Each structure stands twice: as structure tokens, then as C-alpha cells.
Amino acid sequence: MKRPAAIDTTSKKILRKRTISDILLVGQPNVGKSVLFSRLTGVRTIASNYPGTTVTYTSGRMRFAQETYKVLDAPGTYSLEPLDESARAAVDLIDDAKRIINVVDATHLERHLPLTMELLAQKKVMVVALNMSDEARHKGIRIDAGKLSERLGVPVVPTAARSGEGIKELIHSLHSLPVPKEEEKDESSHPGHHPHIPDYSQRDIDRGHVHLNRDKIWQRVGEIVGEVQSLHHHHHTLSQRLGEMSVHPVWGSLFAVFVLALSFSLIRLIGEFLIGGGIGILGEPWLELPFGTEFLFEAVFKPLLKKLSLLLGEEGFLHKMLIGTLIDGDIDFMQSFGILTSGLFIPLAAVLPYIISFYLVLSLLEDSGYLPRLAVFLDNIMHRIGLHGYAIIPSLLGLGCNVPGVMATRILESRQQRFITATLISIAVPCAALQAMIIGLVGDHGPWAVIFIYGMLFITWLIIGLILRFTSRGFRPELLIEIPPYRIPSFRALISKMWMRILGFLREALPVVIAAVFIVNILYQLKAFEYMADFTAPVITSLWGMPKESIVPLLVGILRKDVAVGMFAPLELNIKQLITGCVVLSMFFPCIATFVVLFRELGLKYGLKSMAVMLIAVTLVGTALNFSLSLIIP
Amino acid sequence: MEKLLTELKPGETGKIIALRGGRRMQERLRSLGMMEGNHIRKLSNLVWSGPVIVLVDRAQVAIGFGMARRIIVLTNGNNKT
Ligand SMILES: Nc1nc2c(ncn2[C@@H]2O[C@H](COP(=O)(O)OP(=O)(O)OP(=O)(O)O)[C@@H](O)[C@H]2O)c(=O)[nH]1
Ligand SMILES: [Mg+2]
């Protein structure tokens with residue numbers, strides 16, 4: 001699943017084409033740019049409580065006083081010298097921006113003003129949005145916006161993007177900004193600026209180019225903050241106390257294990273509830289209600305389809321396409337494989353419930369601010385595979401859908417880290433749709449088979465990571481992250497984010513699933529698969545111990561993995577083949593959407609390298625599983 | 001007394017007096033509040049040379065072990081070790 005088009009249609013090529021925005025949001029990570037952007041334009045964006053949520057730009061329109069402005073939300077950056085790929089995109093955009101809203105965090109003014117000073121030194125036409133002012137008030141931090149505006153020479157508007165406070169004032173001050181004229185670009189004093197902003201540039205004698213004198217900037221920031229900010233006593237808030245406890249080496253580790261276990265149980269619990277109306281974590285549910293997507297399909301939709309089936313005469317080309325094959329004279333939603341049966345059942349009844357439950361739990365983790373803390377505790381493990389703790393964030397996103405997961409690797413600093421993380425996601429991190437189908441198909445054999453598959457993928461992830469760490473050289477930066485305060489997730493934001501992701505799933509998945517069912521049926525009719533099955537049998541049958549027909553699901557996996565798992569159903573695999581099949585299918589070529597993004601993010605050379613790693617890994621793991629399982633399961 | 005940030009005990013406070021390392025590394029640390037003159041409190045450090053978590057400018061920051069070793073802190077002087 002991809003995020004909706006508004007966000008992800010951008011590619012680096014488009015970025016390089018120099019997007020000219022009327023208004024660009026600039027600020028450090030996690031200051032609330034995306035929330036503010038949604039307030040200004042009404043365009044939904046993903047906003048989460050950790051630095052690095054936005055990795056590419058989103059554009060939207062804002063109307064005010066008969067004028068339409070184009071507004072761009074950009075990734076965060078700490079300074080105009082970008083540290084990672086996402087910040088680079090932001091800095092590229094700044095160069096061309098006509099007007100800027102510089103979003104700063106009112107609770108940490110001293111940390112955010114250096115970027116403001118850098119922008120001022122570039123003589124940008126801008127407004128400063130003093131965001132999080134609600135939180136600042138709560139923490140006893142008072143900032144004199146008028147005085148700050150005087151010192152900076154640009155308008156300063158206190159805002160609270162989450163509640164909408166100050167947005168009107170912000171728009172007014174944007175509207176009254178001077179219109180930049182192209183010819184004036186290089187003039188030393190811009191109409192919007194007071195001439196008393198000192199020049200921070202300094203010639204670097206050694207390297208012969210001009211860069212900013214940061215010591216001077218920090219000194220000036222210190223002076224300004226001293227003048228405009230006053231701190232009032234406030235007591236230790238609950239969120240602070242929780243914040244300190246959850247980084248404690250012992251309590252924090254226990255808490256991390258607890259949070260992970262709870263998250264996985266909740267995802268399963270809610271997912272199963274939405275599918276079958278049953279409640280229970282492992283094994284048989286202890287409560288079942290006449291409810292759920294399966295019930296809807298079986299009790300409501302099936303009778304209708306049966307009528308259609310009769311009408312079509314229970315066989316023939318059209319019946320094959322729409323209804324599929326009747327199993328023992330009846331429609332079987334997993335096996336019949338028609339467009340109206342499996343083609344709708346798989347995305348809507350089997351997968352959608354897990355998409356909902358996964359993103360509900362993920363959103364809670366994202367918005368509370370727990371993810372950066374989890375990253376800290378996993379830093380040690382991630383170090384073993386040449387990464388640092390923050391790489392866990394793209395990997396977790398990958399558990400929902402590999403596409404945003406691979407995109408999110410842009411928050412990592414080095415090329416090597418991006419290569420390792422993206423490769424691991426595409427090979428060993430199963431997306432929610434794939435997981436839902438595996439649980440649905442293998443879960444019948446008991447929960448342990450499912451847990452075994454997860455375990456195998458995790459071990460594969462670890463081993464490939466270890467090998468990549470030692471075989472690919474490069475800069476290996478350490479963890480350095482700001483841990484945001486805990487925040488209570490806002491219900492509205494949660495619903496909005498869920499809606500975006502669910503809609504995104506439907507939009508991406510439905511057409512592809514239906515197309516996949518259609519194409520497969522045509523190819524079956526043409527008997528195209530039979531030749532192929534004989535050709536690939538040496539690997540599939542001799543090494544992996546699967547029936548030779550399993551090549552079909554493996555190939556369909558390139559379109560969509562969830563449909564592919566569904567195609568294992570009619571093959572009557574034994575438990576050994578089912579486990580091997582699911583693991584191999586998870587690893588074997590990423591789905592087309594991930595494939596495209598992977599090559600776009602890594603480039604041709606590293607993309608091919610990643611594919612080579614995948615092919616070697618899947619061959620070895622499939623073979624190892626086949627032979628070792630033969631020893632355990634006779 | 002002067003200590004490396006990694007040598008501080010959890011709960012110990014001090015003042016940052018120097019940063020070591022290249023210009024870019026120093027810039028990164030400073031942009032997260034690890035600035036000379038700032039007060040810093042170590043909240044915790046994880047086992048096996050894991051990251052160090054500090055409170056600086058009222059915000060929590062997690063710093064990899066190798067980087068934390070480049071931050072020199074002046075503690076209150078009463079040597080508790
Ligand atoms: N209390 C409060 N929280 C806010 C405010 N604005 C944003 N937030 C929260 O701050 C977090 C970060 O918001 P985002 O909009 O994702 O921040 P961003 O600047 O886009 O972050 P990146 O995309 O990572 O650069 C979210 O959890 C928001 O709900 C505000 O004015 N007050
Ligand atoms: Mg954002």
C-alpha cells in the first residue's frame with residue numbers, strides 16, 4: 001500500500017525540477033509543520049510525534065482574500081546543511097521558496113532560532129510561527145512575541161497547530177508579506193527585513209568558500225532568548241516523569257518488551273475481531289458474535305453470488321472470471337478465485353481488518369511519542385547489523401506496507417544504512433496484507449506455525465543484516481536523536497490518519513488484486529503456467545520441496561503478496577510446505593510497488609545489489625527450511 | 001571535576017565545557033542542545049556501550065556511546081567514585 005497520491009507521487013526527479021512554491025513550511029523535525037500545513041490547506045498529511053515523519057514534500061492550496069497560494073509541506077531540517085536525504089529535499093526547496101513560514105517550537109526556542117537566523121541571513125521573506133504555544137503555556141514558558149519579532153525583523157505569530165489557535169493571525173501576516181520580485185533577489189536589503197540583521201557569513205580561509213559563523217549565531221540566539229523568554233516555576237508533569245522512567249535501563253527495557261507484546265496482541269485481537277467477531281488471542285476464540293467481514297461475505301454476499309452463478313450456468317468463461325471454480329459445488333471465497341469471490345474477499349474481508357488494526361496500533365505508538373524510545377532500546381541490536389536504533393522506524397512502517405517503509409529510510413544519514421535497511425525491509429519484513437493472509441491460511445494449523453514463520457523471517461533479517469554489515473563498507477553514523485515529550489494522541493488526528501491509510505490501501509490494493517485475479521485466470525486458460533512450472537521445478541520442487549505449481553503464486557506475489565498466499569489454498573500443501581511456501585513468498589521479489597520505490601531510493605546499482613542479496617537469501621532459506629523441517633516433521 | 005559524558009552516573013548533573021570531534025559532528029551535537037555552557041543531566045545509560053540519555057534544555061536526547069565520549073562535562077566536584 002502506498003500513501004495517497006498527494007504525498008507519494010513525488011520522485012527525486014520532480015524535486016530536482018525545482019518546485020516553486022508560494023509558501024514553504026520550514027522548520028526542524030517534529031515542530032508541527034505537517035499539522036500546520038493541514039490547517040492551512042485542508043489537505044490531509046501524516047503527522048506523528050517523532051522527528052522524521054515527513055520525508056518528501058506535499059503540496060496544497062490555500063485561499064485567502066481572493067488569492068490562491070500554493071503551500072508546500074517539507075521534511076524537517078536542523079540547519080541549511082542537510083544531514084540526511086529528507087533534510088536535503090527540504091533544503092533544495094528552500095532555495096526556490098518565495099515566502100517561508102518558519103515553524104519553531106515555543107518550548108525550545110533556543111534550539112530552533114539558529115535555523116531562523118540562517119534563513120534570515122539568506123534574506124528570505126518569512127513569517128515565524130511560534131508553534132506549540134499551548135504546550136509552552138502549560139510548561140510555564142512565556143515568550144514575548146512582539147519583542148521577538150522586533151529582534152528578528154520579521155512577523156512572529158504564536159500558534160498551536162493542533163487546536164488551530166493563531167492560524168487566522170498567521171494567514172493574515174502571510175498575506176501582508178511583501179511580494180518578492182525576481183530581480184531584487186540579490187539586493188542586500190530586502191523590503192521585508194530590517195537592516196540590523198548582522199551578516200553571519202565568514203570566509204573559510206582553508207577551503208576558500210563562505211560559510212556561516214555559527215558561534216556568532218548561537219551567541220546572538222542566546223541573547224535574544226534571554227530577552228524575550230521568561231520561565232515560570234512549574235511542577236514535574238506526569239508526562240515528564242513517565243518520560244524519565246521509560247528510558248531507565250531496567251524499567252525501560254521491561255516496558256519496551258511489554259509495549260511490543262501488547263501491540264502485537266492488540267493487532268491480532270482487533271484484526272480477528274473484525275474478521276470473525278470472535279475474541280481470543282491464541283487458539284480458539286472464547287466469544288463469537290454474528291459479526292465481522294467473514295460473516296458479511298458468507299451470510300450476505302454469498303447467497304447473491306450463488307444466484308449469479310446459477311444464472312451463468314455454473315461454468316464457462318464468464319463464470320470462471322467472475323465467480324471462479326466451484327469447490328464441491330459451492331463458492332469458496334479463498335479458493336474459487338473469481339473476481340467477485342476471491343478478488344473481493346481477499347482485500348476486503350481477509351486483509352482490510354488487519355490493515356485497520358495494524359494502523360490503529362501503529363498510530364497510537366507514533367502519536368504518543370514512544371517510537372524514539374523504542375529506538376533507543378533497540379540500538380544495541382541494530383548496531384550488530386550495521387545500523388542504529390532509528391532504523392527501527394522505517395522497519396516498523398514496513399510491517400504495514402513496504403513502500404512507506406523503504407521511503408522512510410531517507411531519515412537515515414548514510415547510504416550504507418539506507419541500503420541495509422531498505423534491503424532488509426524488502427526481503428524480510430512482511431507487510432500487513434501478507435501477514436493477514438498468512439495468519440488466515442496457516443493459523444488453522446495452530447498459532448505455533450504462524451509464530452514459526454515470524455521467527456524464521458526475523459532470523460533471516462538478522463543474518464542478512466549481519467552479513468551486509470561486514471560486506472558493505474561505508475560511513476556508519478551513531479544514534480543521535482531528540483526524544484519528544486509524551487503527548488496524548490488526539491482523537492481527531494488519529495481518525496484522520498487512519499482514514500488516509502485505509503483509503504490509501506483500498507485505492508492501491510483493490511485494482512491490483514482484481515487485475516491479478518483476471519490475469520491469472522486468463523493465463524490458466526492459456527495453460528501458460530504449465531511450461532513455466534516445468535522450467536522452474538528444479539528449484540521449487542528439488543530444493544524447496546514444494547509442488548511445481550507453486551511457481552504461480554510466487555510469480556503472482558510480484559503483483560500482490562496477499563493474493564499470492566490465497567493461491568496456496570487450492571494446492572493442498574502439507575504444514576511443512578505451507579511454512580516453507582509462506583517464508584519463501586515473503587522473501588521472493590518484493591511486490592511491484594516496493595520494487596519501484598526500492599530502485600528509486602537506492603539507484604540502479606544498489607537496487608540490483610539488493611535483488612542479488614534477495615535471490616541468494618531466498619534460495620538458501622527455502623532449501624534450509626525444506627530439509628530441516630523434513631527432519632522435524634516426518 | 002572533568003568527566004566524559006559516558007563516565008557520569010545516572011542522575012549526575014554537570015555543565016558541558018567542551019566538545020571533541022570534527023566540525024560537522026560538533027554542529028550536530030550543538031543543534032540538539034549539547035552546547036558549551038549548557039547544564040546537562042544524565043538520565044540513564046544502556047548496557048553494552050549502548051546510548052546515553054540526557055536531559056538538556058528541558059529536553060531528552062539520546063546519544064550513541066561513541067559520540068557521548070566526545071562530550072566533556074564539568075561535574076560538581078564532589079567525587080563520588
Ligand atoms: N501540543 C501541541 N502539539 C502539536 C502542535 N503542533 C503539532 N503538534 C504535535 O506534534 C507532533 C509533530 O507534528 P508534525 O506535524 O508531524 O511535525 P512535523 O514538523 O511535520 O515533523 P516532521 O515531519 O518529522 O519534520 C504531532 O504529534 C502533533 O500532534 C501544537 O501546536 N501543540
Ligand atoms: Mg511533517
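The values are calculated or read from the model by the stated rules, or taken from the named source; none is laboratory data. This is a predicted model, so every value here is computed, not measured. Positions of Cβ are backbone-derived with ideal geometry, glycine not excepted, and every protein chain shown enters the neighbour counts. Protein only, heavy atoms only, side chains kept; ligands, DNA and RNA dropped before computing areas. Shrake-Rupley method; radii C 1.70, N 1.55, O 1.52, S 1.80 Å.
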Query raised in the report: Could you give the longest part of chain A that holds none of the trypsin sites (Lys or Arg not before Pro) found in DSSP loops with at most 12 neighbouring Cβ atoms within 10 Å?
Result: A:208-472
Requested in this report: Rounded to the nearest 10 degrees, what's the angle between the helix A:214-228 long axis and the longest principal axis of chain A, both from Cα atoms, 0 to 90?
Outcome: 80 degrees
Query raised in the report: Using the alpha-carbon atoms, what tilt in degrees (0 to 90, nearest 10) does helix A:592-632 show relative to the longest principal axis of chain A?
Result: 40 degrees
Query raised in the report: What longest region of chain A stays clear of chymotrypsin sites (Phe, Trp or Tyr not before Pro) that DSSP places outside H, G, I, E and B and that have at most 11 other Cβ atoms within 10 Å?
Result: A:1-285
Report task. Give me a single rounded figure for A:242-253: the average over its residues of other chain Cβ atoms within 10 Å of their Cβ. Result -> 4
Report summary line: residue B:55 neighbourhood, Cβ < 10 Å, K/R = +1, D/E = -1, net charge +1
Query raised in the report: Given a 1.4 Å probe, how much area per residue of chain A is accessible, in Å²?
Result: 43 Å²
Report summary line: Once Lys and Arg are counted +1 and Asp and Glu -1 for all other residues with Cβ under 11 Å from that of residue A:409, the total becomes -1
Query - Listing of segment A:64-105 residues, each with accessible area lower by at least 30 Å² in the full protein assembly than in the chain alone (probe 1.4 Å) - result: A:78, A:81, A:83
Requested in this report: Run through every distinct alpha carbon pair of chain B and return the Kirkwood hydrodynamic radius in angstroms, one decimal place.
Outcome: 12.3 Å
Report summary line: Carbon and sulfur atoms account, in whole percent of the 1.4 Å probe accessible area of chain A, for 64 percent
Query raised in the report: If one takes the longest principal axis of the Cα atoms in chain A, at what angle in degrees, from 0 to 90 and to the nearest 10, does the Cα axis of helix A:528-537 lie?
Result: 90 degrees
Query raised in the report: Given segment A:251-632, what whole percent of its Cα pairs are spread farther than 32 Å?
Result: 34 percent
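Within 11 Å, Cβ to Cβ, of residue A:529, how many net charges do the neighbouring residues add up to if Lys/Arg are +1 and Asp/Glu are -1?
Counting the neighbours of residue A:529, the net charge comes to -1.
Quick one: pull the percent of accessible area on chain B belonging to carbon and sulfur, 1.4 Å probe, ligands and nucleic acids left out.
Exposed carbon and sulfur together represent 51 percent of the surface.
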Report summary line: Using alpha-carbon coordinates alone, the radius of gyration and Dmax of segment A:456-567 in Å work out to 21.6, 60
Requested in this report: Would you compute, from DSSP H runs of 4+ residues alone, the mean residue ellipticity of chain A at 222 nm, taking -39500 (n - 2.57) per run and dividing by the full residue count, rounded to the nearest 500?
Outcome: -17000 deg cm²/dmol
Requested in this report: Please list, or write none, the aspartates and glutamates whose alpha carbon is within less than 12 Å of the alpha carbon of residue B:3, excluding same-chain residues fewer than 8 places away.
Outcome: B:12
Query raised in the report: For segment A:30-44, what does the Karplus curve 6.51 cos²θ - 1.76 cosθ + 1.60, with θ = phi - 60°, yield as ³J(HN,Hα) per residue in whole Hz, taken in order and with x for Gly and Pro?
Result: 6, 9, x, 4, 5, 5, 4, 4, 5, 4, 6, 10, x, 7, 6
Query raised in the report: Hey, what D do you get for segment A:407-495 in µm²/s if you plug the Kirkwood alpha-carbon radius into Stokes-Einstein at 20 °C and 1.002 mPa s?
Result: 133 µm²/s
Requested in this report: Could you list, in their original order, any pairs among A:320/A:576; A:70/A:168; A:527/A:605 whose Cα atoms are separated by more than 29 Å?
Outcome: A:320/A:576; A:527/A:605
Query raised in the report: Which value, in Å², gives the accessible area per residue of segment B:2-74 when a 1.4 Å probe is used on the protein heavy atoms?
Result: 39 Å²
Query raised in the report: What percent do you get for the relative contact order of segment B:1-48 when only Cα pairs under 8 Å and 6+ apart count?
Result: 53 percent
Report summary line: Counting only DSSP beta bridges with both partners in the protein assembly as shown, the antiparallel fraction in percent, to the nearest 5, comes to 70 percent
Query raised in the report: What does the average come to when, for each residue of peptide B:26-37, you count the partner chain Cβ atoms lying within 10 Å of its Cβ?
Result: 5
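For the protein assembly as shown, what percent of Cα pairs sit more than 48 Å apart?
Across the protein assembly as shown, Cα pairs with separations above 48 Å total 23 percent.
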**Report entry** Partner chain coverage, peptide A:363-376 - average Cβ within 10 angstrom
**Finding:** 1
Query raised in the report: Past the 31 Å Cα-Cα mark, which pairs from A:548/A:609; A:33/A:609; A:98/B:15?
Result: A:33/A:609; A:98/B:15
Requested in this report: Assuming a ≥ b ≥ c are the square roots of the Cα gyration tensor eigenvalues, decide whether segment A:387-545 counts as rounded (a/c under 1.5), prolate (otherwise, with a/b larger than b/c) or oblate.
Outcome: oblate
**Report entry** Pairwise burial B:A, computed as accessible area of each alone minus the pair, summed, 1.4 Å, Å²
**Finding:** 3000 Å²
Report task. Show the residues, 5+ positions off or on another chain, whose built amide H is closer than 5 Å to the amide H of residue A:125. Result -> A:100
